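Scroll down for the structure; my scribbles are underneath it.
Read-outs: derived from the displayed coordinates by stated rules, not from any lab. Just so you know, these numbers come straight off a predicted model, no measurement behind them. We place every Cβ from the backbone using ideal geometry, glycine too, and count neighbours over all the protein chains shown.
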Amino acid sequence: MSGRGVSISFGGMKAVDGVDFDLREGEILGLIGPNGAGKTTLFNIISGFLQASGGEIIFGGGKISGLKPDKICRAGIARTFQSARNFPGFTVRDNVLMGALFGKPGKTRAQAERTADSTLEFTGLDKYAGMYVSDIPLSAQKRLEVARALATEPRVLMLDEVMAGLNPAEVEDAMALVREIRGRGVSVIMIEHVMKAIMSICDRIIALHHGRLIADGAPSEITENKQVAEIYLGEA
Amino acid sequence: MAFIKRVLPGTARGRLHLGALICVAAFLAVFPGVSRPYTTIFTASILMYIILSLSWTFFSGKTGYISLATAAFYGIGMYIEAILGRYIPLPAAMLVAAAAGFLIAAGIGAITLRLRGVYFTIFTFGLVLLLQNLVLWIEIRFFHTKGRIVTSGDFTFVYYCILAVFVILLIAAVIMRRSRFGLALECIGQNEDSAAHIGVDTTRTKILAFAVSAAPVSAVGAAMATRVGYIDPNIAFNLLMSFMPVLMAIFGGTHSLYGPVFGALVLTLLEEKLIRGYQEYYMIIFGAVMIIAVSFMPKGAAGIAESVFLKLRRRLRPRSHPRNDGGARDE
Amino acid sequence: MTMVLTILINGLVFGSVYALLSMGLSTQYGVARILNIAHGEFIVLASFITWELVTDLGVHPLTAIAAAGAILFVIGFALHRTLFKRVRDISPNAAAFEGDAILVAFGVYFILQNLMRIKWGSQTTGYSFMAYPVSIGGAQFQARSLFVFAFAAVICVLYNLFLSHTRTGKSIRAAAQDPVAARMLGVKINRVMAICFGIGGFLAACAGVLISMNQTFSSVTGLNYTVIAVIVVVLGGLGSIRGSILSGFILGIVGTAVNSYDPSIMLVVFYLIILVLLIVRPKGLLGR
């Protein structure tokens, strides 16, 4: 997946301004930047939630910018939301089942149920399967976001701060999960503020500031990048 | 077989509901034979309101997009019977009406369901008045008349036609509940953005659901037209027919099939008692019921009944865990 | 030429009333996110209050603005403080609130309309006011119509000045644009919402008083006003006051032109305009 000159503005203010990016096959790409840098907005554009005012996004040989979220999901790009947006009236299993049922065209009911169960097991949520979302702990809710997206069987998974609010042990678990997801051949692009996590699991990192791309490189290069250190790491 | 197995409720509680349903349907089927004509007519209007509020709940209750177009589809049904009643039997006219309601709703949905909910409400609200004015204009301009005589039918037959719509609607609602389409709709109701992001084509699902919900309303409109004898645009497109189903559904509760049925039953009986001589008071009561239901009964009367039931059961059997009895999924 | 002049001036008269009808609704929706279906009933109530004052006490109808305006401001303010505040507290999200608020407004509509029917019956009511013709450029107009136009225009201008120059007006505009940011800047959002609902009531009162001078009315005409107001507001852009004024005048002139051709299709034409608008530019003429 790659983006060229992706831009959007809200009321005259450019929230994302001419961003170029590439996500390579089987890669874990980190997306960092201070609050308001346009990270989630970029996610929203990729997932079709917002329409870019300029530039284009190419995925699997075709242009996907301009498509609606459901088409983009069916094309193989799934995402999580920063604030968990699950279905409160469904059990954990049904939440995941919905992803399996609608995310991939042409699936039978039985196939979807199988995908849902294996995804629950893979993400370690099987013990909560029959419970409602409000009754499970925060770390499990974060995992449920991932599981629901994963059940759509994407080729690209976009994770928006799935580690926020977790304790160190849970962050370790989440990192292991992300690695396993990549191990299944899914490319991952993740927004994260937990620096330790992002530095250790990402193959490559891009940094945004005021909607502009300011750095692109391996984690070691990013930590040495002066501009990033100044405006991002320096602040933290 | 697999299909039947999937549709039939798997739990004891589910089977109890199904049994109750079959009993009610059987009772309603023999009802005209044992009751006075007036009671049959009255029962038919209760059924009519139940169908209207169930249809409303099917779309608006689930998705939260509040439709005020019920009167429009009902009136379209009435006009189709008024025009075709002389040439084809009632069931055929009802089918035509259902198809017309479906298509018109699909058109309206295609324009408004891409937008925020408030536009949809505004548009459906105006639609009733638009049709009222448009039909009146057409009638006067091209047919030089204000109203039409509707061929009246044998009322027991009309009753059975309405009962048939009711039974079909219930069966469809039960099948729909765990179907792909029903689940997509459920997802939209719970979180529309999330639904879109896991691959649900939200716009198409909403449009289809709205169109489906209009079909029974138009069919019943066609059937009820034979009872009124004469219709004009003010009778056919009466805004009250938009408000009543909403009120009945909200009062009864939109989270289960029982809610709208209960709401329609209670409020139709109330209407029957108060309509003569106390019309203003009955409308004031309706207004108050609407406000109270929205502000204090988020799950309606059915929700209250259920929580009372659960509380009682917990008191009687203190060690049971109602959450895990497996029946909860079918709710 | 006289024909065009007649349509133009009558259009301006109607347009000013349409603008006035819809400003209240627009204010209420713009800030409190409540589409007040009972708006037309507020207008009719003001007309009845005026009628009572004029026929019983013999006062000038314009003075009724003070009485009706105060009463309806209080009703609007109190409704928001009690009912709508409660609904807002229990709604899980903004979209659910908008839906529930419309339903509650319906309840208010039912109650208000039928209280008026009990009090005043459902027959048409009116009183005679400035019933003499005035000639402009060869065309004849009712003096009262021109009077109504002048006052409606004055109220539109005053309300815009209020919004742009007073402290309360500025916090209303801030709250309409971005409630979260407004709250951070120290705007008491709940109070502003209640005030807006009160102002909606006050503006409905102004409309009701002016309408009663120019037309007959009854306890069942309220819904017609609501429909017109809703159409005007959607065309102008939901929540945009200036948009409402602009589209009020546009629809006033279009409506008068259509009326001179065939009065029975006016609403149909309005509705077609909205239909096209929703397809081409759903946010309205001046909507954000």
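How many angstrom lie between the C-alpha centres of the range B:88-166 and the range C:42-118?
Centre-to-centre (Cα) distance: 32 Å.
Translational diffusion coefficient, Stokes-Einstein: compute it for the range C:1-80 using the Kirkwood radius over C-alpha pairs as Rh, at 10 °C and 1.306 mPa s, and state it as an integer in µm² s⁻¹.
109 µm²/s
Identify the GluC sites (Glu not before Pro) of the range A:171-236 meeting these criteria: DSSP loop state and at most 14 other C-beta atoms within 10 Å of the C-beta.
Filter output for the range A:171-236: A:GLU235.
Once you average over the residues of C:216-227, how many Cβ atoms of partner chains fall within 10 Å of each Cβ?
1
Which FRET efficiency value, to the nearest 0.05, do you get for A:HIS210 and B:ARG313 by plugging their Cβ-Cβ distance into 1/(1 + (r/R0)^6) with R0 = 56 Å?
With a Förster radius of 56 Å, E is 0.45.
Take peptide C:259-266, look around each residue's Cβ out to 10 angstrom, count Cβ atoms belonging to other protein chains, and average those counts.
2
Once the convex hull of the alpha carbons of the range B:17-240 is built, what does its volume come to per residue, in cubic angstrom?
Considering the Cα atoms of the range B:17-240, their hull volume per residue is 115 Å³.
Considering every residue in A:67-75, what mean count of other chain Cβ atoms within 10 Å of its Cβ is obtained?
5
When the dipole is taken about the Cα centre of the range A:1-45, and only Lys, Arg (+1) and Asp, Glu (-1) are charged at their Cβ, what size is it in debye, to the nearest 20?
Around 160 debye, computed over the range A:1-45.
Report, to two decimal places, the Cα Rg of the protein assembly as shown normalised by 2.2 N^0.38 Å (N = number of residues). Please list the in-between numbers first.
Numbers: Rg = 29.8 Å, N = 855, 2.2 N^0.38 = 28.6 Å.
This ratio for the protein assembly as shown stands at 1.04.
Taking amide hydrogens as modeled 1.01 Å from N in the peptide plane, which residues meet the under 5 Å criterion relative to A:VAL16, leaving out close sequence neighbours?
Distant-sequence amide H within range of A:VAL16: A:ILE8.
Hey, can you grab everything whose amide H is under 5 Å from the amide H of A:ARG204? Only 5+ residues off in sequence or another chain; H modelled, so Pro and N-termini drop out.
Close amide H contacts, sequence-distant or interchain: A:ILE28, A:GLY30.
Under unit Cβ charges (Lys, Arg +1; Asp, Glu -1), what dipole magnitude, rounded to 20 debye, does the protein assembly as shown have relative to its Cα centre?
Rounded to the nearest 20 debye, it is 1040 debye.
Given 10 Å bins starting at zero, what is the percent of C-alpha pairs of the range B:221-303 in each, up to the one with the largest pair distance?
18, 42, 32, 8, 0
For the range A:142-210, count all C-alpha to C-alpha pairs, find those more than 17 Å apart, and express that count as a whole percent of the total. Display every interim value, and only then the final one.
On the way: 884 of 2346 pairs.
Value for the range A:142-210 (Cα pairs over 17 Å): 38 percent.
Tell me, what ³J(HN,Hα) does each residue in the range C:161-174 have, in order and in whole Hz, if you take phi through Karplus 6.51 cos²θ - 1.76 cosθ + 1.60 with θ = phi - 60° and put x for Gly and Pro?
5, 4, 5, 8, 10, 9, 4, 4, x, 5, 5, 4, 5, 4
Compute the FRET efficiency between A:LYS127 and B:ALA288 as 1/(1 + (r/R0)^6), taking r as their Cβ-Cβ distance and R0 = 51 Å, and round to the nearest 0.05.
Working from the Cβ atoms, E equals 0.60.
How large are Rg and Dmax for chain A when only the alpha carbon atoms are used, in Å?
Calculated on Cα positions, Rg and Dmax stand at 17.4, 53 Å.
Express in whole angstrom the spacing between the alpha-carbon centres of the range B:250-277 and the range A:23-85.
47 Å
Could you sort out which of A:LYS63/A:LYS104; A:LYS71/A:LYS107; A:LYS71/A:LYS142; A:LYS39/A:LYS107; A:LYS39/A:LYS196; A:LYS39/A:LYS68 sit more than 22 Å apart by Cα distance in this structure?
In this structure, A:LYS71/A:LYS142; A:LYS39/A:LYS107 exceed 22 Å between Cα atoms.
So how do B:56-65, B:102-111, C:175-184 stack up, highest first, on mean other-Cβ count within 10 Å?
Descending packing order for the listed peptides: B:56-65, B:102-111, C:175-184.
Report the charge-dipole magnitude of chain B in Debye, nearest 20, computed about the Cα centre from +1 at each Lys and Arg Cβ and -1 at each Asp and Glu Cβ.
Approximately 1100 debye in magnitude.
Quickly estimate the mean residue ellipticity at 222 nm for the protein assembly as shown, helices only: each DSSP H run with n ≥ 4 gives -39500 (n - 2.57), and the total goes over all residues, rounded to 500.
My calculation for the protein assembly as shown gives -21000 deg cm²/dmol from helical runs alone.
Please find the FRET efficiency linking A:ALA110 to B:VAL228, where r is the Cβ-Cβ separation and R0 is fixed at 51 Å, and quote it to the nearest 0.05.
0.50
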